[in-house]
Amino acid sequence: MTTNLTSFERAQASIPGGVNSPVRAFGSVGGTPRFFVSARGPYITDVEGREYVDLVASWGPAVLGHAYPSVVEAVRSAASRGLSFGASTPGETELAELVKARLDPAIQKLRLVSTGTEATMTAIRLARGATGRDLLVKFGGHYHGHSDGLLAEAGSGIATLSLPGSAGVPAAIVAQTLVIPYNDLDAVREVFAEHGERIAAVIVEGAAANMGVVPPLDGFNAFLCAIAHRHGSLVILDEVLTGFRVGAAGWWGLDTAAGKDHYTPDLFTFGKVVGGGLPLAALGGSAALMDHLAPSGPVYQAGTLSGNPLAVAAGIATLTAADAEVYSRLDASAATVASATSAALSAEGVEHVVQSAGNLFSFSFSGTAPVNYSQVKAQEAFRYAPFFHSMLEAGVSLPPSVFEAWFVTAAHDGAAIDRILEALPGAARAAAAATPRAG
Ligand SMILES: *Cc1c(COP(=O)(O)O)cnc(C)c1O
């Protein structure tokens, strides 16, 4: 019989670590990773035929729920017309127009790529090309994909593996990246005071969600834009995770809605939801800036599968279906699960705080809410593995690391949420009984 264990053992013989992306290997929680065969709505099924309520949602893309009918139909229909042309299609423009409409007037032009990593890498090259400067500022614990210059204090995957960064990254490249603590206004002032004339861009997650969820302090993103622009530097708002998930216009939309902060990042990056579960990502900004990209301008970027018709079809169908009602359902489900989890932990006397940014949330086993990476790392992270495994045994699939956000979908109905609520007391007891691992 095919089991998760035999699947993992077989994978390990042919795939490094048995996985194609490190966090899937259960490194920080231990045990055997699940190998899945199908997913529908809020549920996902493994090779042993066990069904779980899914709170990973493909790390975000499954915003409507898995195998959402109009998305599946759009992909099926596109597939029947040919998988890839290596030439332009009308759908690419349609998707760009949908994104522009949601982020008006901040985005005038959009370039489609295949992964979030490619989007941020291109955004940085564009910022350097447009400013004629080299330095990049990033924040500790923020993840922007795995390109060389960004693997400095890059959050969950690396925190989970306890690696300082990555082997194979030239020191000369990382030297172009200045890493400062998140939510620290003085650190931002200092880095600009010292290096302002040489900084091409500062890159920041809309709200940090790759070290657990750590929202920006009120006004932080606006402050960043103001100080960067004063020094002739650009701001890249990385909404690969938050974009089209926390709201129709992502984190920027929440920040700038209803008379809150007003700020305009120079470039936005998107991924995850924008491709509806297929490999698609994007970067966008003003026409003047985006036109630095080839073939309009001198900054080179290209992709054989960029704007792939199936991925574009999935993206269009997803954004079309993700209306205001979907976002209010996500918000409500997230609030229910977050408060029930918190109550279950409190009932067992487990010290914790709920970290949330819109409908993204996670938990820190600490007495106060962390605002930066070193505070995130200081929590009692050892409580998560037993909590995670208790939930998994009870049929709830959580992110396999305490340093990841939890994701609901619009398909998480009463029945799915009840299954989560039923699993929580046992998991909270396991967290309460946890002791630090030796060594
Ligand atoms: C996931 C993520 C990326 C990288 O996207 P990939 O498609 O995995 O390459 C970049 N930035 C943020 C904020 C992300 O969450």
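The values are calculated or read from the model by the stated rules, or taken from the named source; none is laboratory data. Quick caveat: nothing in here was measured; it's all calculated off a predicted structure. Please note: Cβ atoms are built from the backbone with ideal geometry, for glycine as well, and neighbour counts cover all protein chains shown.
Overview of results
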{"item": "Selection from segment 411-422 of residues that are in contact with a Gly (Cβ under 7 Å, 6 or more places away or on another chain) and not in a loop (DSSP other than H, G, I, E, B)", "result": "Arg419"}
{"item": "Given (1) in contact with a Pro (Cβ under 8 Å, 6 or more places away or on another chain); (2) surrounded by 15 or more Cβ atoms within 10 Å (Cβ to Cβ); (3) farther than 24 Å from Trp406 by Cα; (4) among the small types (Gly, Ala, Ser), index of the condition Ser84 fails", "result": "(2)"}
{"item": "Filter result for Ala62 (of a type outside the set (Phe, Trp, Tyr), more than 25 Å from Asp238 (Cα to Cα) and modelled with pLDDT of 95 or more)", "result": "no"}
{"item": "Residue within segment 251-272 that is in contact (Cβ under 8 Å) with a residue 40 or more places away in the chain, on the phi > 0 side of the Ramachandran plot, in contact with a Phe, Trp or Tyr (Cβ under 8 Å, 6 or more places away or on another chain) and not β-branched (Val, Ile, Thr) present", "result": "yes"}
{"item": "Evaluation of Ala130 against (1) of a type in the set (A, V, I, L, M); (2) within 24 Å of the chain's Cα centre (by Cα); (3) more than 30 Å from Gly41 (Cα to Cα); (4) crowded, with 23+ Cβ neighbours inside 10 Å (one fails), failing number", "result": "(2)"}
{"item": "Residue that is under 19 Å from Gln301 (Cα atoms) and charged (D, E, K, R), where the choices are Lys109, Lys138", "result": "Lys109"}
{"item": "Val191 of a type outside the set (Phe, Trp, Tyr), out of contact with any Cys (no Cβ under 7 Å at 6 or more places or on another chain) and within 16 Å of the ligand (Cβ to nearest atom)", "result": "no"}
{"item": "Qualifying residue in segment 127-138 (condition: in contact with a strand residue (DSSP E or B) (Cβ under 8 Å, 6 or more places away or on another chain), among the acidic types (Asp, Glu), in a loop (DSSP other than H, G, I, E, B) and at pLDDT 95 or above)", "result": "yes"}
{"item": "The listed residue being surrounded by fewer than 21 Cβ atoms within 10 Å (Cβ to Cβ), modelled with pLDDT of 85 or more and of a type in the set (Asp, Glu), out of Glu197, Glu205", "result": "Glu197"}
{"item": "Options Ala344, Ala334: the member that is over 21 Å from the mean Cα position of the chain (by Cα), over 30 Å from His231 (Cα atoms) and buried (at least 20 other Cβ atoms within 10 Å of the Cβ)", "result": "Ala344"}
{"item": "Test: Phe35 is more than 24 Å from the chain's Cα centre (by Cα), aromatic (Phe, Trp, Tyr) and at pLDDT 95 or above", "result": "no"}
{"item": "Filter result (among the aliphatic types (A, V, I, L, M), over 20 Å from Phe361 (Cβ atoms) and away from the ligand (no atom under 16 Å from the Cβ)) within segment 251-296", "result": "Ala258, Ala287, Ala288, Leu289, Met290, Leu293, Ala294"}
{"item": "Where a residue in segment 113-132 is in contact (Cβ under 8 Å) with a residue 40 or more places away in the chain and within 15 Å of Ala294 (Cα to Cα) and its partner, wherever it lies, is assigned to a loop (DSSP other than H, G, I, E, B) and within 7 Å of the ligand (Cβ to nearest atom), with Cβ under 7 Å and at least six apart", "result": "Ala119/Val240; Ala119/Gly271"}
{"item": "Identity of the residue in segment 109-124, of a type in the set (D, E, K, R) and either surrounded by fewer than 19 Cβ atoms within 10 Å (Cβ to Cβ) or part of a strand (DSSP E or B) (or both), that ends up farthest from the ligand (Cβ to nearest atom)", "result": "Lys109"}
{"item": "Selected residue [more than 16 Å from the ligand (Cβ to nearest atom), in contact (Cβ under 8 Å) with a residue 12 or more places away in the chain and not in a helix (DSSP H, G or I)] from Ala248, Ala201, Ala222", "result": "Ala248"}
{"item": "Filter pass, Arg76 being farther than 30 Å from Ser328 by Cα and either out of contact with any helix residue (DSSP H, G or I) (no Cβ under 7 Å at 6 or more places or on another chain) or of a type in the set (Lys, Arg) (or both)", "result": "no"}
{"item": "Check on Val299, touching a Leu at 6+ places or on another chain (Cβ under 7 Å), assigned by TED's automatic domain parsing to the domain that holds Asp255, over 21 Å from Glu239 (Cα atoms) and surrounded by 15 or more Cβ atoms within 10 Å (Cβ to Cβ)", "result": "yes"}
